[in-house]
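All remarks here apply to the structure that follows.
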Amino acid sequence: MRLANTDIRALHVFQAIVEHGGFAGAEISLGLTQSALSLHLKKLEERLGFTLCQRGRRGFQLTDRGAVVYRQARLILAELDSFEESLSELRRRVTGKLRIGLVDNTVSNYDFPISEAISAFLKKMPEAEIEVVVDIPEHLETEVANNNLHLALGPIIYHREGLQYRQFYVEKHSLYCGRRHPLFLQPDDEPKLSVLRQHPLVVRSYGGDEELGVIKNALVGSRVSSMEAAAHLILSGSFIGFLPDHYARRWLQVGEMRNLSGSDLALHTAFFIITRSSRQKQPLRDKFMQELVAILNRRLHEG
């Protein structure tokens, strides 16, 4: 079977459906209706001569052959992206899609100048596309290692072999409670650890060890995988928890949260630019990193 342009498009659609666990997420990601997605998938199955997935009341599920096609499709499409970038470099203009991974809720942080870097990058590379993926650090590292992301920005979880890590700033996290929490109106500016241990603490699934190192023997009330989930639980008044100061500022300003941290109750999380260790040039990634580093250096000199 020789791949036509329609086959490549159908493989893109199939990959998106699989990676979003069904049609709903892929519909938003690709900007296509479910009927259009179904048509692409049906034509691909007709071309291949077998069923790729089961769709019904039990949800979306790959067939054995579908799983093989998905793995091969990822390799083919990644190679096509790489080929397109190589051709673009030969033509002395950079096109293609830059895929960046970020951890959640960084947009409120001035020290995380991704939007400024994206703007500078697209002004110099107007023909390039850009895709931003938000996920937990563990998944971002995996996606960079699997060549699904050009780079990711966030804290380190595993320090994997084959990846490069470049620290670019440190984020401060303080301990907070919501206005419905018993500690909100407590007169003591810095509640003692013995008092804090009596209240359920919300910790992140990817950063709990660090948090529990600050409040030893804490009463863990919930584990979450995002800052937004932690904020909801803290605002409920049923939990205390650590949040980045830049993220919690909006609730502090309107009296919805209180900072409980003393000098010994702060977390400092290092953020890194994470890329694959490879000598192969990646024009899109390298140009974006050049813009990002230039912004960071300028801010450093500005103080």
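Highest GNM mean-square fluctuation, the chain, Cα pairs closer than 10 Å: which of Val132, Val220, Val68? In the Gaussian network model the winner is Val68.
Past 18 Å, Cα to Cα: identify those pairs from Lys97/Lys123; Lys172/Lys287; Lys97/Lys124, in the order given.
Too far apart for the 18 Å limit: Lys172/Lys287.
Loop-resident chymotrypsin sites (Phe, Trp or Tyr not before Pro) (DSSP state other than H, G, I, E or B) in the range 131-189 with no more than 14 further Cβ atoms inside 10 Å of their Cβ: Tyr158. Estimated from helical segments only, the mean residue ellipticity of the chain at 222 nm is -14000 deg cm²/dmol, where each DSSP H run of four or more residues counts as -39500 (n - 2.57). Note on the range 234-303: percent of Cα-Cα distances in each 10 Å bin, starting at 0 and stopping at the bin with the largest distance, equals 14, 29, 24, 22, 10, 0.
Overall, the ratio between the Cα radius of gyration of the chain and 2.2 N^0.38 Å, rounded to two decimals, is 1.19. The alpha carbons of the range 170-269 give a radius of gyration and a Dmax of 11.9, 33 Å, in that order.
So for the range 36-190: antiparallel DSSP bridges make up what percent, rounded to the nearest 5?
On the way: 4 of 14 bridges.
So the antiparallel bridges amount to about 30 percent of the total.
Once both labels are positioned 7 Å from their Cα atoms along Cα-to-Cβ, the gap between Arg197 and Leu39 label points is 6.5 nm.
Among Glu19, Glu127, rank each residue by its count of other Cβ atoms within 10 Å, from fewest to most, as a rough exposure measure.
With the fewest neighbours first, Glu19, Glu127 line up as Glu127, Glu19.
Only Cα sites of the range 1-76 enter the Debye sum here, all with the same form factor; the resulting log10 I(q)/I(0) across q = 0.19, 0.21, 0.22, 0.24 1/Å is -0.73, -0.91, -1.01, -1.22, listed in q order.
Quick one: His232, His181, His159, fewest Cβ neighbours within 10 Å first, how do they rank? The partial results should precede the final answer.
Details: His232 14, His181 22, His159 10.
Ordered by Cβ neighbours within 10 Å, fewest first: His159, His232, His181.
Here, each number is a calculation from the coordinates, and none is a lab measurement. Note that the coordinates shown come from a computational prediction; the quantities given were computed from them, not determined experimentally. In this analysis, Cβ positions are derived from the backbone assuming ideal geometry, glycine residues included, and neighbour counts consider all displayed protein chains.
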